[in-house]
1. Please express the shape of segment B:115-190 as an equivalent ellipsoid: the semi-axes are the square roots of 5 times the eigenvalues of the C-alpha gyration tensor, given largest first in whole angstrom.
2. At a temperature of 20 °C and a viscosity of 1.002 mPa s, determine how fast chain A diffuses translationally according to Stokes-Einstein, using the Kirkwood radius over alpha-carbon pairs as Rh; express D in µm²/s, rounded to the nearest whole number.
3. Could you work out, residue by residue across B:75-83, how many beta carbons of other chains sit within 10 Å of that residue's beta carbon, and then give the average as an integer?
4. For a quick protection proxy, order the peptides B:225-235, B:128-138 by their average other-Cβ count within 10 Å, most packed first.
5. Other chains near B:234-245: what is the mean number of their Cβ atoms within 10 Å of each residue's Cβ?
6. Going by alpha carbons, how many degrees (0 to 90, nearest 10) lie between the helix axis of A:67-98 and the longest principal axis of chain A?
7. Non-local amide H neighbours of residue B:248 (under 5 Å, H modeled in plane, Pro and chain starts lacking H): which ones?
8. Please work out how much accessible surface residue B:180 shows to a 1.4 Å probe, ignoring ligands, DNA and RNA, in Å² rounded to 10.
Amino acid sequence: MIYFLCFILFSIGLYSILTKRNLIKIIIGISIVDYAINLFFILVGYRMNGRSPILEKGEEIERIVDPLPQAVVLTSIVIGLAVTALLVAIAIRIYEKYGTFDINEIKELKG
Amino acid sequence: MKKFWAIITVLLILFFLGSGLIPDLKIYKQNNLSQKTGKVYLNRTVNDDSPFKEIDKKLYGEANDVENNAANSVTSVIVDYRALDTLGEVTVLFLAITGVIALLGKSKKNNRILFEKPNYILNASSKILLPLIVLFGFYIFIHGHITPGGGFQGGTIVAASVLMMYFAQNNYKLKNNRMKVLESFSGLSFLIFGLLGIFIMGDFLQNFLELGIMGKLFSGGLIPIIYILVGLKVSAELSNVVYEFMGEE
């Protein structure tokens, strides 16, 4: 049931990518989509009353959550950071050349 | 000459990727891959009275025969089972940072972002906080195999200290050439440890050091070394990103 929250978050990000005209808002939308998918992966690996997947003295190993989605999501977060940094750099260069973030006013980019 | 080195590099990568297809290669006979993953990993336990005791028992603080002896399972997955994937991840981060530097580095209009003149308390306390934050970041990635955290998290904390200095002081300047040297050194060392794994144990990035006792700082063999290198590389790269975004004098 809680998975639907992830899809709602994903829809919010997709909405902002499709409808907003400001480049910075589009980048924020891409980040929201990214984190919605990360949250979904973490929720897939969760189990009720689970604890963190770190072995400690006196703790039963059957109760830990699945470590594999967490490892995958750690990779995904770093890739998302790299993509966001690159997108922001491109947006800064576009602003230097055209003086605006509005994608409607950047006429040379229209196909 | 450049083409020659490019061809050599591509052939080496093809060899590493394709050598798994040759079953008679001598180096692969030393490992029983079916024992390496799966049941052995999932059923390991830390208590005496566990139902899985007969299958695979590893006691916290005593065991020293685990094939990767990190208490943090996520670190085991990232740096041991999927270490090649982590190498690719670091490469992706490096490529993105190269793109940022190429896009922003040569722009003439890239003036330094200046803030309102910081007051004395902010100016003095940021200098005191800087070594503490850097120390905390180093703690996070040195202890990545026994506590929550790891190379990427610790590297981000170190880069956040650089960002704090840029926010707090208008005349602060990062020595980014040293950061580039640190980044190249740690990335190269990662590859060298991976190649040493081939020559000593017969598999790329395989553990060849003493595994130690689970839960201690010096345990897990190659895992803490690789995570320290990843942490240094990530901190240098993200500091460079902060340097590029904040602009030059």
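The values are calculated or read from the model by the stated rules, or taken from the named source; none is laboratory data. Since this is a predicted model, take the numbers as computed values, not measurements. All Cβ positions, even for glycine, are placed from backbone atoms using ideal geometry, and neighbour counts span all protein chains on display. Surface accessibility is based on the protein's heavy atoms, side chains included, excluding ligands, DNA and RNA. Shrake-Rupley method; radii C 1.70, N 1.55, O 1.52, S 1.80 Å.
1. Taking √(5λ) for each Cα gyration eigenvalue gives 26, 17, 8 Å.
2. Estimated via Stokes-Einstein, D reaches 130 µm²/s.
3. 3
4. Result, highest mean first: B:225-235, B:128-138.
5. 2
6. On a 0 to 90 degree scale, this one is about 10.
7. Amide H neighbours of residue B:248, under 5 Å, 5+ apart: B:112.
8. Surface accessible to solvent at residue B:180 totals approximately 80 Å².
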